[in-house]
Each structure stands twice: as C-alpha cells, then as structure tokens.
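Let me begin by presenting the structure, written as structure tokens, before commenting on it.
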Amino acid sequence: MPTLSDKIDLKKPLVSIILPAYNEEAILEKNVSLLYNYLNTLDNLYDWEVLIINDGSTDGTMAIADSLAELKTNLHTYHHIVNRNLGTALRTGFKHSKGKYVVVLDIDLSYSPDHIGNLLSEIVTTEADVVIASPYMKGGKNTAVPRLRLILSKTVNYMMRVASRLKIYTFTGMVRAYNGDFIRSLNTKSSTFDINTEIILKAYILRARVIEIPAHLDWSEQQKLGKTRTSSLRIVMGIFNGLANSFIFRPYMFFWVLGSITFVLSLYIIVWIFINTYGVYPMTGELAHGFEDRFSFAVSEVFRQRPYSFIVGGTTMIISIQLLGLGFISLQKKRYFDELFHLNSAILRKTQGK
C-alpha cells in the first residue's frame, strides 16, 4: 500500500522558467506564445511557472509582459526600474523562483524551446545540480552566429577549460537547468554576463555535479531582426570578462607556468655563462694563482665579452623566483577562499531553511 511520501513523490515537479528581458518588445509576445505551445506538450510531466525579469527596459517590454501576466495565471513579471545587467536579473529570477528545477532561457529563443525538455530530462535522470546546454561540445551546433563572436566565445571557453581542467566546453552559456535548492542557496556577486562563469566556479568549489548536453545555438532570427535587438550585444562584453574569469579558476597555475618558463630561460643563460667560464679558466694560469683568483679572472673575462648575459640571466632568475612565490601565495589564498565559501554557503543554507 503506497505511503503518503510515495504519493508526494508522484506529484509533478514544479519547474521555474526564467526569462531575462531587456528591450524585447519586438519579440516578447510572439516568443512567449511559442514557449507556451511547447510547454503544453510537457504538461503531463511537469507543472510550470514562467518568470519574466524585465531589466529596466526603455521600450514597451514592461507593458507587454504585464499584459501577458494578466492572461496567464502561471506567468509572473518582475521589473527593475533601471537596467541592472544580466547577473542581477538572474538573481532576481532565482530569488522569486519556487520550482524544484529552474531553467534559464534566452527570450530570443536562440536556443529553441525543446532544449527545456532535454535539460530537464538530463537533470531528473542524473540528479545533477547544473545542466548546461552546450553548442561547443561534441554533438553541439551553431547556426548563423557571427564569425567574430563565435571565434571569441570559443577561444574564451577553451581558455577556461584549460585553466580549470574541467570537462566543460561552454562556461559562458546562459541556457541551463538548475536544481532549485542549489541555485537559490548559491551566493553570487556578479552583475554582468559573467555570472554564468561565476556559477560554474562556485559549483566547482562546492563539488556540485555539473553536466553538459549538446545544444543548437541558432541566431537566424537575430540576424533578421538586425539592430532592433541590442541586448545580445552584451554577450560580447561578457566574452571579454570571461578572459579574466579564466584566471580565477586556478590563478596559481598562471604564475607557475610563467615562473617555470622564466626559470628555464635564466637557467639556460647561467649554464651558458658557466660553460664559457670553464672554457676561459685554463687561460688564466699566467694571470693568477689559486682556484679563487683564476675563477674570478675567468668570470670577469666572460662578463667583459657578454655583459648582457649576466644582466638578463640575473634579472630573469629574480623574476622567476617572484612568479613562483606568487604562485604559492595565490594557491594558499585560493584554499582560504574555498574554505570560507564552503562556510558561507553552509550558513546561507541554514539561514534559508529557517
């Protein structure tokens, strides 16, 4: 005989769909309609709430969003008086979401609505904390994405993958599914597009489970709209911010790599000096007696012939020692940060649980 807990488990999970919007009057009503048409096909599996986060739009986005909320009981709108950027918009969405699962989707539908079903299927099956829609992994696809934007994005994501040593191909992507409790308890600070990278970094610190699935990024409709949509241009700014974020994952590795390269260079020069000193040493027998005197004469002769070798060798050795030292210091500071973030997250979860 099924227990009460069994009956609760059979209840359809609530899914919160978060739609950040900035100056989207040209596409908002049409794309929300397309989204609902798709969500209706999954009504047998999930309950829904849709949250439109109007991030200080200066066009008719607010009025259109509010009119949609009046027509649909499970659609809610939240407005920022001024534009506060994507990071703040997402935090507003996470804060007001109630779903067991939270899905973030771009209102331009550059990732088609059927990605929602794929993301939810993966997060339910694997019990992951984060599932990323990735157009850059094997099986992913890109259509009509401007070449420069695509090259920059792939380069940044590759740098982050190398720096973090995580098997993630799309750190900067916004379209994801989250475990609701996890994302609502995650303390984030970024107000810009790089909040997506920050979430991955902090999920990594907390040893959360992050999974990618292949996705199709299609900018065909954006190309048709041209300059009527400006919010997507912020992606380019987020890409450059991502370059800095790649340093955050393992800062000590940057210092150690540069320090090791500089050390090898200085070592090569110093070895060259000693080899040449050894070659000159036999010629100093008539000028001095005793090892110390003869060796000093040999070194001074090599210095007379190649003074810049001593300068470059000594300078690079000092720089390499400093870089390696900074690497150890940054490793220590990162471990302190990880410990403090674990403690902060535990306190935040307990506070939210009260």
Pairs with Cβ under 7 Å, 6+ apart, first in segment 76-94 and touching a residue at least 40 places away in the same chain (Cβ under 8 Å) and more than 19 Å from F182 (Cβ to Cβ), second of a type in the set (A, V, I, L, M, F, W, C) and assigned to a helix (DSSP H, G or I): L86/I195
Residue count for segment 292-344, restricted to those that are under 16 Å from F254 (Cβ atoms) and either hydroxyl-bearing (S, T, Y) or not in a helix (DSSP H, G or I) (or both): 2
Members of segment 152-182 found to be in contact with a Lys or Arg (Cβ under 9 Å, 6 or more places away or on another chain) and over 14 Å from P135 (Cβ atoms), listed by number: R161, A163, S164, R165, K167, Y178, N179, G180, D181
In segment 163-193, the residues that are of a type in the set (A, V, I, L, M, F, W, C) and farther than 24 Å from F255 by Cα: M174, V175, A177, F182, I183, L186, F193
Selected residue (criterion: nearest to the chain's Cα centre (by Cα)) from residues of segment 169-188 that are β-branched (V, I, T) and surrounded by 20 or more Cβ atoms within 10 Å (Cβ to Cβ): T172
Residue satisfying condition, being at pLDDT below 90 and under 29 Å from the mean Cα position of the chain (by Cα), within set Y281, Y204: Y204
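Residue by residue, here is whether (1) at pLDDT below 95; (2) touching a Lys or Arg at 6+ places or on another chain (Cβ under 7 Å); (3) more than 26 Å from I123 (Cβ to Cβ) holds:
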{"site": "D47", "(1), (2), (3)": "no, yes, no"}
{"site": "I53", "(1), (2), (3)": "no, no, no"}
{"site": "T61", "(1), (2), (3)": "no, no, yes"}
{"site": "I64", "(1), (2), (3)": "no, no, yes"}
{"site": "L68", "(1), (2), (3)": "no, no, yes"}
{"site": "H80", "(1), (2), (3)": "no, no, yes"}
{"site": "T92", "(1), (2), (3)": "no, no, no"}
Verdict on G139 being more than 14 Å from the chain's Cα centre (by Cα), surrounded by fewer than 23 Cβ atoms within 10 Å (Cβ to Cβ) and assigned to a helix (DSSP H, G or I): no
Out of W219, W272, sole residue that is surrounded by fewer than 19 Cβ atoms within 10 Å (Cβ to Cβ), modelled with pLDDT of 85 or more and not assigned by TED's automatic domain parsing to the domain that holds Y136: W272
Matching option when the condition is outside any strand (DSSP E or B), modelled with pLDDT under 90, of a type in the set (G, A, S) and more than 15 Å from the chain's Cα centre (by Cα), among S246, S232, S191: S232
Condition met for S121 (in contact with a helix residue (DSSP H, G or I) (Cβ under 8 Å, 6 or more places away or on another chain) and on the phi < 0 side of the Ramachandran plot): no
Candidates Q332, Q352 - the one that is loosely packed, with under 13 Cβ neighbours inside 10 Å, within 30 Å of the chain's Cα centre (by Cα), at pLDDT below 75 and among the polar types (S, T, N, Q): Q352
Hits in segment 1-39 (condition: farther than 24 Å from N85 by Cβ and at pLDDT below 95): M1, P2, T3, L4, S5, D6, K7, I8, D9, L10, K11, K12
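The values are calculated or read from the model by the stated rules, or taken from the named source; none is laboratory data. Bear in mind that the values here come from a model prediction, so they are computed numbers and not experimental data. Note that each Cβ is placed from the backbone with ideal geometry, even for glycine, and that neighbours are counted across all protein chains shown.
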